[in-house]
Amino acid sequence: MTVPPAPPSVPLAVLAALVVVAFGAGVGITAVGPGGVFLTVALYAFTAVPTATVAGTATTTFVFTGLLGTASYVRSGELADRGRLRLAAALSLGGVAGALLGVELNAVVSERAFGALLGAFLVVAAALVWRQAAERREADDEDTQPASTEGRIGAVGGAAVGLFVGTAGGLLGVGGPVLAVPILVTGGVPMLAAVAAAQVQSVFVSGFAATGYFARGAVSLPLAVLVGVPELLGVLVGWRVAHRVPSARLKRVLAAVLAVLGPYVALTA
């Protein structure tokens, strides 16, 4: 299979930077949830493609990271419980509706407004990730929560979370886990179960959103291949990290980076 050539308007150094960021984004997606947003920011900051193409291209890669992430967490057992499957289904159902709404909203959002919204999103994500880390549930959740727990979220709450996350993901192309995981953990869902459920949701949210962007001609397949391959490698690494490394410290660092990136992106939009 021949990989499509990269767009000629993107310098080699930028392409290399995108590959590195994509790998790190993949690690974040399956290790702690937030991760894909860094790819969206990199595409927005480093390339000259329209913001719709930024969202569409990033979203397209999240379909495949979601599939690989789901398969990985099925293998390690986090999705073997009916309660967690119900939660994943509710998240996905609400997320599909939100994704379709988000794609439509993107069509009426200006380039400058997109940057401002993306920056605000990063700040919100930073606050959620920091709170999640501060509660120090990483070790406690898997030891003290029963295997079938859906936390305090439930099916209806899961659908509502999915709708919110899907709308943001469809509008900005940031992926579902960046918001879904902190919200689910705050609602009492065990950490690894939350990351696993978010992978399932990502398949459906990103799949419907990517279809909408593709219909608008807003997906760069060469860029998607360029960043998608290292991103998938990162997903496998992140899954292993999630099972071997306590994530509290990593989340604090992640939250700090998001908090810095948010105002920067908004002010430079």
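The values are calculated or read from the model by the stated rules, or taken from the named source; none is laboratory data. Every value quoted in this text rests on a predicted model; they were computed, and no experiment measured them. Heads up, the Cβs are rebuilt from the backbone with ideal geometry, glycines too, and the neighbour counts pull from every protein chain shown.
Quick one: which helices (runs of 4 or more DSSP H) lie wholly within region 7-89 and hold at least 3 residues that are in contact (Cβ under 8 Å) with a residue 12 or more places away in the chain and hydroxyl-bearing (Ser, Thr, Tyr)?
The qualifying helices (runs of 4 or more DSSP H) are 51-75.
Could you identify the single residue in ALA160, ALA218 that is buried (at least 23 other Cβ atoms within 10 Å of the Cβ) and either more than 18 Å from LEU68 (Cα to Cα) or in contact (Cβ under 8 Å) with a residue 12 or more places away in the chain (or both)?
ALA218
Looking at region 193-215, which of its residues are polar (S, T, N, Q) and crowded, with 24+ Cβ neighbours inside 10 Å?
Those that are polar (S, T, N, Q) and crowded, with 24+ Cβ neighbours inside 10 Å: GLN199, GLN201, SER202, SER206.
Criterion first (surrounded by fewer than 22 Cβ atoms within 10 Å (Cβ to Cβ) and at pLDDT below 85) does SER9 satisfy it? Full working, then the answer.
Details: surrounded by fewer than 22 Cβ atoms within 10 Å (Cβ to Cβ): yes; at pLDDT below 85: yes.
Judged against the criteria, SER9 is a match.
Mind telling me which of the residues GLY24, GLY56, GLY28 ends up being in contact with a Pro (Cβ under 8 Å, 6 or more places away or on another chain) and not charged (D, E, K, R)?
Only one candidate qualifies: GLY28.
Kindly indicate whether PHE121 is aromatic (Phe, Trp, Tyr) and either in contact with a strand residue (DSSP E or B) (Cβ under 6 Å, 6 or more places away or on another chain) or modelled with pLDDT under 85 (or both).
So PHE121 fits the description; yes.
Give the number of residues within region 18-49 that are under 16 Å from LEU172 (Cβ atoms), buried (at least 24 other Cβ atoms within 10 Å of the Cβ) and of a type in the set (S, T, N, Q).
Qualifying residue count, region 18-49: 1.
With ALA259, ALA224 as the choices, which residue is surrounded by 15 or more Cβ atoms within 10 Å (Cβ to Cβ), modelled with pLDDT under 85 and not basic (Lys, Arg)?
The match here is ALA259.
So which residues in region 238-256 are under 19 Å from the mean Cα position of the chain (by Cα), modelled with pLDDT under 75 and not aliphatic (A, V, I, L, M), if there are any at all?
Matches in region 238-256: SER247, LYS251.
Determine which member of the set ALA52, ALA99 is within 17 Å of VAL178 (Cβ to Cβ) and touching a Phe, Trp or Tyr at 6+ places or on another chain (Cβ under 9 Å). It would help to see each step written out before you state the result.
Details: ALA52 fails: within 17 Å of VAL178 (Cβ to Cβ).
Selected residue: ALA99, the only one of ALA52, ALA99 that is within 17 Å of VAL178 (Cβ to Cβ) and touching a Phe, Trp or Tyr at 6+ places or on another chain (Cβ under 9 Å).
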